[in-house]
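**Q** Before I ask anything, here is the structure I am working with.
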Amino acid sequence: MTKEEVGTRAAELRELLTRYGYEYYTLDNPTVSDFEYDRLMRELIEIESENPELVTPDSPTQRVGGEISEGFEEVSHTVQMQSLSDVFSKEELFEFDARVRAALEVQCVDYVTEMKIDGLSVSLEYTDGVFTRGSTRGNGFIGEDITQNLKTIQSIPLRLGEPLPFLEVRGEVYMPQKSFLRLNEQREAEGEPLFANPRNAAAGSLRQLDSKIAAERGLDIFVFNVQQIEGKELNSHRESLDYLKSIGFKTIPGDRIFKGIEEAYAEVLRIGEERGDLTFDIDGAVVKVDSFAQRELLGTTSKTPKWAAAYKFPAEQKRTKLLDIVLQVGRTGVVTPNAVLEPVRIAGSTVSRATLHNIDNIRAKDIRIGDTVVIQKAGDIIPAVTEVIKEARNGDEKPFSMPEVCPVCGAPLVREEGEAAVRCTNSNCPAQQLRSIIHFVSKPAMDIDGLGTSVVEQLLDEGLISDCADIYSLKFDDIVSLERFGQKSAQNLIDAIERSKEQGLDRVLVGLGIRMIGSRAAQILANEYENIDALIDADAEELSAIPEIGAKMAESLCAYFKQAKSLDIIERLRRAGVKLTYEAQRAGDALDGKTFVLTGTLPTLKRSEAKSLIESNGGKVSGSVSKKTDFVVAGEEAGSKLEKAKALGVSIITETELLDMVQKI
């Protein structure tokens, strides 16, 4: 294709992918398959990689993350991001209404009642219809610039349906319950501390300096307020929500206008009753005056608007009997104690199990088999034992202690120094086999569509596989013979397995489930070594010298590659044709072997562009300055990294000098 044809095709792909993404993530009504979407995305990525000048700020490729910040810049909010005044009873809500009616001198007020999403409040700014900046609420006056992390949220439009001169909206970023459960399962399997609730997980994800981590967390957003707008006149909250929805935003579902506080309160109660059936967390309902003119008359206090109130729901707790404590073995061998409970209905579902996390937690709370306990869903999702009713004990309760051997395979259990987790020492443990294979085929790893838990269980039960490498020995006849498989579905799975062979070294490393090696570490290692043999030959000292790869990660890698079973799996993957190399896009080798650190604001290049330029010419970009740093590229308002570079005698260059280095070849 000519340059003009390539540009036209890139524009077509951006338009298609934006529309398909909006249908999938905002409307929840996809019109194309995941395979077709991924195919188009790969095509656009290839075009933009070969033609960087075609990358636009609103391109769907800008959502994948990967930009690393050295810190978050402060953002001053032109319009204060206020908090809401809380009410906790019908009486307090009706007192709010009485104040509103008295101030407006009316008998009845139109209210909008909507769910209060339990997440992190953010501001989104658009100039000429393009997303230009996103920030946290902070103290209401000053927040933090988290634009790159917000770009990874698929339901945030990068370009609006109408090119308004300027628009600032407020929304609540949250982590859906399924994303939260998946994240904590992953952290528990890797021996990392669990997030207490989805709100904490969402906040922690948005404050990651590496936007690729934020992209992996499955965050979402509901937009609920217009802060500033130019080029459009809006007269009410209801009208503003309809307009926001029409130009591409995902707004809070179920918002309606209610005549007077009685109707609004009935809606608050209805929301409370349906709370347990939602796929995201709410901690209350918000009642707002609908008319903007009336809001103007009511005004605000220094912290809160006088035209809105947040009715807070109490956390639901129930008492029940702890009947037993059983153990579950994860894919990395972590053995987790779980409480078997007398079934009890709480927060919209019947609970009969609750995680006890580890033996330290059991000892700290003195949890015994037979105890009467208080159950609460952490973040209204994960059932947890919050309290033991010790006065209800009758003497028949039994203390619990961890066994010395694995409950599944009988191998010894060990607890490493400094860890809360107890692990099974047998890498061939059947429980670990199932979970390790499920991890291998998951989306962040080899992404084999159709290989869900039930199918993997069938394959294990039939003796068709025993580890992840066996997947690539499966034949059509093996799969079509399984329950619920026809010829088409069997062929689809075979095709998905074949496609996964091209994922590359970084995804293979994720799939192998090496302790402490997640997606980011796998990409760094793949980029550093480019093939698995070079990585296997690296020692711990060499590995730990790589930026972002610490000593513990290096030790974990070396320990994994010393195991005969690990090397056997890798060799069988190789023989099956699985790609065990990584091909970084290279424009040249002018910067080969040189390590750069970026600091401050560069005159023309975005940090992501400078990073891409360096890496495509053979260089490496580190997040911190050390004696091994070759050059620090400094722009305006360079901070502590510049001072450290001066102290260490590291060469400091400008953007112009960097470009000269690249162009010398």
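The values are calculated or read from the model by the stated rules, or taken from the named source; none is laboratory data. No experiment lies behind these values; they were computed from the predicted model shown. Because the Cβ atoms are built from the backbone with ideal geometry, glycine has one as well, and the counts that use them run over all protein chains shown.
**Q** Looking at region 392-412, I want the residues that are at pLDDT 90 or above and have a partner that is of a type in the set (Lys, Arg) with Cβ atoms under 6 Å, at least 6 apart or on another chain. Which pairs are those?
**A** Partner pairs satisfying both residue conditions: 397/368; 398/368; 399/368.
**Q** Condition first: out of contact with any helix residue (DSSP H, G or I) (no Cβ under 6 Å at 6 or more places or on another chain), of a type in the set (Phe, Trp, Tyr) and closer than 24 Å to residue 435 by Cβ. Can you find one or more residues in region 480-495 that meet it?
**A** no
**Q** Another one. Quick check on my filter: what residues within region 279-297 are surrounded by fewer than 17 Cβ atoms within 10 Å (Cβ to Cβ) and in contact (Cβ under 8 Å) with a residue 60 or more places away in the chain?
**A** Matches in region 279-297: 279, 297.
**Q** While we're here: Filtering region 83-110 down to residues that are of a type in the set (Val, Ile, Thr) and touching a residue at least 12 places away in the same chain (Cβ under 8 Å), which residue is farthest from residue 304 (Cα to Cα)?
**A** That would be 109.
**Q** Can you tell me which residue among 618, 600 is touching a strand residue (DSSP E or B) at 6+ places or on another chain (Cβ under 7 Å), among the small types (Gly, Ala, Ser) and touching a residue at least 12 places away in the same chain (Cβ under 8 Å)?
**A** None of the others qualify; the one that does is 600.
**Q** Quick test of your reading of the structure: residue 210 fulfils all but one of (1) in contact with a strand residue (DSSP E or B) (Cβ under 7 Å, 6 or more places away or on another chain); (2) more than 18 Å from residue 72 (Cα to Cα). Name the failing condition by number.
**A** Of the numbered conditions (1) in contact with a strand residue (DSSP E or B) (Cβ under 7 Å, 6 or more places away or on another chain); (2) more than 18 Å from residue 72 (Cα to Cα), the odd one out for residue 210 is (2).
**Q** Please return the ranges of strands (runs of 3 or more DSSP E) entirely within region 66-128 where 2 or more residues are in the same structural domain as residue 284 (by TED's automatic domain parsing) and over 30 Å from residue 522 (Cβ atoms).
**A** 110-117, 120-127
**Q** Go through (1) polar (S, T, N, Q); (2) under 28 Å from residue 526 (Cα atoms); (3) at pLDDT below 80 and name the single condition residue 599 misses.
**A** Residue 599 satisfies every listed condition except (3).
**Q** If a residue must be more than 26 Å from residue 253 (Cα to Cα), of a type outside the set (A, V, I, L, M) and part of a helix (DSSP H, G or I), how many such residues does region 38-63 contain?
**A** Residues that pass the stated criteria total 12.
**Q** Shifting gears a bit: Please determine, by comparing only the residues of region 428-443 that are in contact (Cβ under 8 Å) with a residue 40 or more places away in the chain and more than 29 Å from the chain's Cα centre (by Cα), which one is surrounded by the fewest Cβ atoms within 10 Å (Cβ to Cβ).
**A** Top of the filtered list is 428.
**Q** Does residue 155 satisfy being among the small types (Gly, Ala, Ser), buried (at least 19 other Cβ atoms within 10 Å of the Cβ), part of a loop (DSSP other than H, G, I, E, B) and on the phi < 0 side of the Ramachandran plot?
**A** Yes, satisfied.
**Q** Let me ask something additional. So, in region 532-546, how many residues would count as being part of a helix (DSSP H, G or I), more than 26 Å from residue 428 (Cβ to Cβ) and small (Gly, Ala, Ser)?
**A** The number of residues fulfilling the criteria is 2.
**Q** If you don't mind, another one. So if I check each of 350, 320, 355, which one is of a type in the set (Ser, Thr, Tyr), within 30 Å of the chain's Cα centre (by Cα) and buried (at least 16 other Cβ atoms within 10 Å of the Cβ)?
**A** 355 is the lone residue from the list that is of a type in the set (Ser, Thr, Tyr), within 30 Å of the chain's Cα centre (by Cα) and buried (at least 16 other Cβ atoms within 10 Å of the Cβ).
**Q** Looking at the structure I just gave you, is residue 446 under 30 Å from residue 565 (Cβ atoms), touching a residue at least 60 places away in the same chain (Cβ under 8 Å), assigned to a loop (DSSP other than H, G, I, E, B) and touching a strand residue (DSSP E or B) at 6+ places or on another chain (Cβ under 6 Å)?
**A** Judged against the criteria, residue 446 is not a match.
**Q** Has region 547-561 got any residue that is on the phi < 0 side of the Ramachandran plot, under 26 Å from the mean Cα position of the chain (by Cα), of a type in the set (Ser, Thr, Tyr) and not in a helix (DSSP H, G or I)?
**A** The answer is no, given that none of the residues of region 547-561 is on the phi < 0 side of the Ramachandran plot, under 26 Å from the mean Cα position of the chain (by Cα), of a type in the set (Ser, Thr, Tyr) and not in a helix (DSSP H, G or I).
**Q** Of everything in region 513-537, what is within 21 Å of residue 627 (Cα to Cα) and of a type in the set (A, V, I, L, M)? Give them in sequence order.
**A** 524, 525
**Q** Hey, another quick one. Cβ-Cβ below 7 Å, separation at least six or inter-chain, first residue in region 225-238 and of a type in the set (D, E, K, R), second loosely packed, with under 13 Cβ neighbours inside 10 Å and not in a helix (DSSP H, G or I): which pairs?
**A** Sorted first by the residue in region 225-238, then by its partner, the pairs are 230/165.
**Q** Answer yes if at least one residue in region 410-422 is buried (at least 20 other Cβ atoms within 10 Å of the Cβ), closer than 22 Å to residue 183 by Cα and not assigned by TED's automatic domain parsing to the domain that holds residue 346, and no otherwise.
**A** Yes, that holds for at least one residue.
**Q** Out of region 1-16, which residues are within 22 Å of residue 157 (Cβ to Cβ) and among the acidic types (Asp, Glu)?
**A** Selection gives 12, 15.
**Q** Quick check on my filter: what residues within region 609-639 are in a loop (DSSP other than H, G, I, E, B), surrounded by fewer than 16 Cβ atoms within 10 Å (Cβ to Cβ) and under 30 Å from the mean Cα position of the chain (by Cα)?
**A** 623, 624, 639, listed by residue number.
**Q** Return yes when residue 314 is under 20 Å from residue 85 (Cβ atoms), in a loop (DSSP other than H, G, I, E, B) and at pLDDT below 90 and no when it is not.
**A** Criteria met by residue 314.
**Q** How about region 197-281: which helices (runs of 4 or more DSSP H) wholly inside it have at least 2 residues that are closer than 27 Å to residue 106 by Cβ and in the same structural domain as residue 115 (by TED's automatic domain parsing)?
**A** Once the helices (runs of 4 or more DSSP H) in region 197-281 are filtered for at least 2 residues that are closer than 27 Å to residue 106 by Cβ and in the same structural domain as residue 115 (by TED's automatic domain parsing), what remains is 237-246, 260-274.
**Q** Related question: Can you tell me which residue among 209, 194 is farther than 25 Å from residue 283 by Cα and either of a type outside the set (Gly, Ala, Ser) or surrounded by fewer than 20 Cβ atoms within 10 Å (Cβ to Cβ) (or both)?
**A** Exactly one of 209, 194 is farther than 25 Å from residue 283 by Cα and either of a type outside the set (Gly, Ala, Ser) or surrounded by fewer than 20 Cβ atoms within 10 Å (Cβ to Cβ) (or both), namely 209.
**Q** I would also like to ask the following. Provide a single number: the residues in region 12-29 that are modelled with pLDDT of 75 or more and surrounded by fewer than 17 Cβ atoms within 10 Å (Cβ to Cβ).
**A** 4
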